[in-house]
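Below is one structure, written out as structure tokens, with a few remarks after it.
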Amino acid sequence: MTVLVTGVAGFIGFHMARTLCRQGVHVVGIDNLNDYYSVDLKRARLAQLEHFPSFQFQQIDIVDPNALLGLFIAWGFSEVIHLAAQAGVRYSIDNPGVYADANLVGFLNVLEACRTYPVKHLVYASSSSVYGANTKMPFAVEDAVEQPVSLYAATKRANELMAYSYSHLYRIPATGLRFFTVYGPWGRPDMALFKFTRAILNGEPIDIYNDGEMARDFTYIDDIIESMNRLLPRPPPLTGEAAPCQLFNIGRGAPVKLLDFVQCLESALGIQAKRNYLPLQPGDVLQTWADVAGLARWIDFSPQVGLEQGVAEFVRWYRDFYPCKQGQQARQAKQARQSKQEARWA
Ligand SMILES: NC(=O)c1ccc[n+]([C@@H]2O[C@H](COP(=O)([O-])OP(=O)(O)OC[C@H]3O[C@@H](n4cnc5c(N)ncnc54)[C@H](O)[C@@H]3O)[C@@H](O)[C@H]2O)c1
């Protein structure tokens, strides 16, 4: 069994690859190591994976079809976990071309490779953002999803439709996962938890959109990985006429108000945040809430970890990973206070 994990230097890809390696599975991981956020963080994740003899990394861009086909020829993958994508709702407003490349062309290349060199199961990342402007709560996979409010969301919905057609035409067993706001150790610097933590520790204000009148169904990374680990050996059946294609929400099923989330982070850090209230951003949705009944039926599991526990784990990791910087900042702040005092006395 050799599993391909795309986007392996990313937040979710790193955790998935590490879990598979711990189980003794042979993992080939690819990533283009783009600089959408800190490449140092991506390399630090890879450094953790490189301890496993069953892990191999190759720097490959999924937009290059030949590089991808070469990889499939070399390894003959049994399963593919496709997580490489340009993530982020707000960035898609100003950088649409990157999303067309990575999320549409890149995904097509992955599908083509799976058609040419068949795999037992293709598991790929979609997103809760496909629910867009929907107001019926909780969001269920059976709901119509025709109002994506960002290009990012539109590319993720397009992935689901592309997967369906390839699954129908070429009998590729495919499972799409609509992730709901994933957070935890080794998380993404462009997401609220990371940004807020960094700002609060630096004594800077945090940006709170729509006066905090927003809610997210935060999902802890371990729950995402446990779900994917159970899903991987359970592809949709190849029997019958129907396309072997399925979709699941993966969320905690418990939306949290933005201001409650901030409070939870403040108590984990033991520091009060300075708040900067701003209007709703283009592309943002007001609330997300996952109906996870389908997931629970299929794998006998649904996400468990509560926000307090998950945020505490993140804060522990953050303090451990960035100790020097924080120490340096604390020293600089102390020095600044001392020089101010000295200046007053002089
Ligand atoms: N984290 C979340 O809350 C969340 C929510 C919904 C959906 N998703 C989806 O889950 C997947 C993983 O998300 P993540 O949070 O780990 O994001 P991430 O940005 O940390 O990881 C994605 C990785 O893909 C790589 N990548 C991007 N374009 C590439 C290309 N053209 N070729 C090769 N590699 C490329 C990046 O370098 C990055 O390391 C993405 O598809 C994302 O859209 C994530």
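The values are calculated or read from the model by the stated rules, or taken from the named source; none is laboratory data. Since the structure is predicted, the reported quantities are computational estimates derived from the model, not experimental observations. Please note: Cβ atoms are built from the backbone with ideal geometry, for glycine as well, and neighbour counts cover all protein chains shown. To get the accessible areas, we keep the full protein, side chains included, count just its heavy atoms, and leave off ligands, DNA and RNA. Shrake-Rupley method; radii C 1.70, N 1.55, O 1.52, S 1.80 Å.
Numbers for the structure displayed
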{"quantity": "Members of the range 73-97 that are within 15 Å of the ligand (Cβ to nearest atom) and either surrounded by fewer than 17 Cβ atoms within 10 Å (Cβ to Cβ) or free of Cβ contacts under 8 Å to residues at least 60 places away in the same chain (or both)", "calculated": "R90, N95, P96, G97"}
{"quantity": "Complete set of residues in the range 104-141 that are part of a helix (DSSP H, G or I), under 22 Å from G70 (Cβ atoms) and of a type outside the set (S, T, Y)", "calculated": "L104, V105, G106, F107, L108, N109, V110, L111, E112, A113, C114, R115"}
{"quantity": "Single residue of Y183, Y220, Y166 found to be closer than 25 Å to L49 by Cβ, touching a Leu at 6+ places or on another chain (Cβ under 6 Å) and at pLDDT 95 or above", "calculated": "Y183"}
{"quantity": "Residue that is surrounded by the most Cβ atoms within 10 Å (Cβ to Cβ), among those in the range 1-59 that are in a strand (DSSP E or B) and in contact (Cβ under 8 Å) with a residue 60 or more places away in the chain", "calculated": "V5"}
{"quantity": "Filtered residues of the range 237-280 (kept if surrounded by fewer than 18 Cβ atoms within 10 Å (Cβ to Cβ) and part of a loop (DSSP other than H, G, I, E, B))", "calculated": "P237, L238, T239, G240, E241, A242, A254, G270, I271, Q272, P279, L280"}
{"quantity": "Selection within the range 140-171 - under 23 Å from P235 (Cα atoms), touching a Lys or Arg at 6+ places or on another chain (Cβ under 9 Å) and within 13 Å of the ligand (Cβ to nearest atom)", "calculated": "K156, E160"}
{"quantity": "Leading residue by the ranking (nearest to F321 (Cα to Cα)) among those in the range 61-72 that are open to solvent by 20 Å² or more (accessible area, probe 1.4 Å) and not polar (S, T, N, Q)", "calculated": "D61"}
{"quantity": "Candidate set: the range 166-196, residues that are without any contact (Cβ under 8 Å) to a residue 60 or more places away in the chain and more than 13 Å from the chain's Cα centre (by Cα); chosen: the one surrounded by the fewest Cβ atoms within 10 Å (Cβ to Cβ)", "calculated": "L169"}
{"quantity": "Answer from R90, R43 - the residue that is more than 25 Å from V130 (Cβ to Cβ) and not β-branched (V, I, T)", "calculated": "R43"}
